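So the structure is just underneath, and the comments pick up after that.
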Amino acid sequence: MAEFVHEIDEGGVRTIRIERPEAHNAFNEVVIAELTAAMHAAGEDASVRVVVLASSGPHFSAGADIPWMKRMVDYSREENLADSRTMAAMFRAIRECRRPVIARVHGACYGGGVGLVAACDLSVAVAEATFALTEVKLGILPAVISPYVTERIGPGQMRRYALTAERFDAAEARRIGLVSEVVADEAGLDERIGFFTRLMLKNGPEAMDHCKRVLRDIQPVDWDAVTEITVQRIADRRVSAEGQDGLKAFLEKRPAAWLGEGARA
């Protein structure tokens, strides 16, 4: 049985839920492996018509797990490449799942959590949800998730939010295209997701599969190439002097070197 990623089937809808509320549903090696496997399995199961990606507790996902980040600081470039490739495979498993995938978003959605949302086909968020691409604050960059987020929000908005690392709310997330719908509360969240799943359950499952495929195929992006570029870039940044200092500063709760003596992040 999976440790952190659990599944519930109901009437052709499979809910894949990340259950690490004590860690704000941040992902580590185990979550990445389990979520990747769950998405592949859902796509190959004929009884599954729609997938809902959800999480337990008050937050959707805070991105990378702190203990995982502590281990990552000491990785070699080759280990960072291997680690980044497994994470990239998770996002591709979501985006290329043969079933429509809907993200159920609440609370904080930061860093890699934004990538999870962007990789889904649709997403519904509560109004109080908050979003941020925080990587540059740590001296690294949102490399692996960048193709998915840029596909959603466009290059201009990606430059703004990736470079400022500012937080934005669900209304802004909808305005820029990251999320599809915004609702007042979690009851509305489930109602709206139910609306979308009911629509999709009326559609031909093979037609939706091929629809997803043709929409991927007409995009002017070589996903194998961009995946390799992004994993190389994040591996380089993680082992760079600035990346090492930024990650260590975050873990040690001190200002990074570029902030100067006594500065606050």
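The values are calculated or read from the model by the stated rules, or taken from the named source; none is laboratory data. As the structure is a prediction and not an experimental result, all values here were calculated from the model. Surface accessibility is based on the protein's heavy atoms, side chains included, excluding ligands, DNA and RNA. Shrake-Rupley method; radii C 1.70, N 1.55, O 1.52, S 1.80 Å.
Brief remarks follow.
- Highest GNM mean-square fluctuation among Thr130, Thr164, Thr230, for the chain modelled with Cα contacts below 10 Å: Thr164.
- The range 30-83, accessible surface, carbon-and-sulfur percent (1.4 angstrom probe): 61
- Accessible-area composition of the range 90-231, carbon plus sulfur, in percent [1.4 Å probe]: 55
- Set the Cα radius of gyration of the range 124-238 against 2.2 N^0.38 Å, with N its number of residues, and you get 1.26.
- The chain, relative contact order in percent, only Cα pairs under 8 angstrom and at least six apart counted: 19
- Rounded D (µm²/s) - the range 146-192, Kirkwood Rh over Cα pairs, Stokes-Einstein at 10 °C, 1.306 mPa s: 137
- MRE, 222 nm, helices only [DSSP H, n ≥ 4, -39500 (n - 2.57), over the chain, to nearest 500]: -16500 deg cm²/dmol
- Shape category assigned to the range 59-133 from the gyration tensor of Cα positions, a/c cut at 1.5: oblate
- q = 0.17 Å⁻¹, the range 30-174: log10 I(q)/I(0) [Debye, one scatterer per Cα]: -0.98
- Taking a ≥ b ≥ c as the square roots of the eigenvalues of the Cα gyration tensor, the chain is classed as prolate, since a/c reaches at least 1.5 and a/b is larger than b/c.
- Rounded, prolate or oblate (a/c below 1.5 giving rounded, otherwise prolate when a/b exceeds b/c) for the range 180-265 by Cα gyration tensor: oblate
- Overall, the ratio between the Cα radius of gyration of the range 1-63 and 2.2 N^0.38 Å, rounded to two decimals, is 1.08.
- Added length on full extension, which subtracts the Cα-Cα distance from 0.36 nm per residue, Met1 to Val73: 22.9 nm
- Residues with amide H under 5 Å from that of Val52, placed H, sequence gap 5 or more: Arg14, Thr15, Ile16, Ile102
- Average accessible area per residue (Å²) across the chain - probe 1.4 Å, nucleic acids and ligands excluded: 46
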